[in-house]
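Written below as structure tokens is the structure these notes are about.
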Amino acid sequence: MVGGEFRAHAELAVRMFSEGVESMGRGDVAWACAAFYKAVEETVKALAIAKGLEEAREALARDRWSMGLLDSAARRLGNTAWCAWVHGYFLYVEGFGEGT
């Protein structure tokens, strides 16, 4: 099951990143920001599962990821993952303002 969970999150991360790039090409900045955030979120989930982090085990047991689990997992994955998470979250929070 863990392998399937990893694969599902990894594939969604790639799909959302591609969607973000396409959205930027169309000039849809708000949707691009949301898609890039989702790509980072799914990447953190996939990496946490692959590394066997406690946050991933808890999320799988609960059948949901909380913001706290994502934040903790990103920190534990290292500086690169943490920076991606922080910037992805910023895009999500600030980027949606573009479309409103």
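In the chain, taking the dipole from charged Cβ atoms about the Cα centre, the farthest positive-side position among I49, A8, G20 is held by I49.
The mean sequence separation of alpha-carbon pairs under 8 Å and at least six residues apart, normalised by the residue count of the chain, gives a relative contact order of 33 percent. The alpha-carbon atoms of the stretch 21-63 define a convex hull whose volume equals 66 cubic angstrom per residue.
First measure r as the distance between the Cβ atoms of E94 and S18, then evaluate 1/(1 + (r/R0)^6) with R0 = 22 Å and state the FRET efficiency to the nearest 0.05.
Numbers: r = 22 Å, r/R0 = 0.99.
Efficiency, from the Cβ-Cβ distance: 0.50.
Three principal axis extents of the chain based on alpha-carbon atoms, in descending order, are 38, 23, 22 Å.
Could you give the size of the charge dipole of the chain about its Cα centre, using +1 on the Cβ of each K and R and -1 on the Cβ of each D and E, expressed in debye and rounded to the nearest 20?
With Lys and Arg at +1 and Asp and Glu at -1, about 280 debye.
Between the listed residues A81, A61, A34, the Cα displaced farthest toward the positive end of the dipole of the chain, a dipole computed from Cβ unit charges relative to the Cα centre, is found at A61. Hydrophobic, long helices, defined as DSSP H runs whose alpha-carbon span along the helix axis is 27 Å or greater and whose mean Kyte-Doolittle value is at least 0.0, occur in the chain at 29-51.
Computed from the coordinates by the stated procedures, all read-outs in this text should not be read as laboratory data. These figures come from a predicted structure and were not determined experimentally. Using ideal geometry, Cβ is built from the backbone for each residue, glycine included, and neighbour counts are taken over all protein chains shown.
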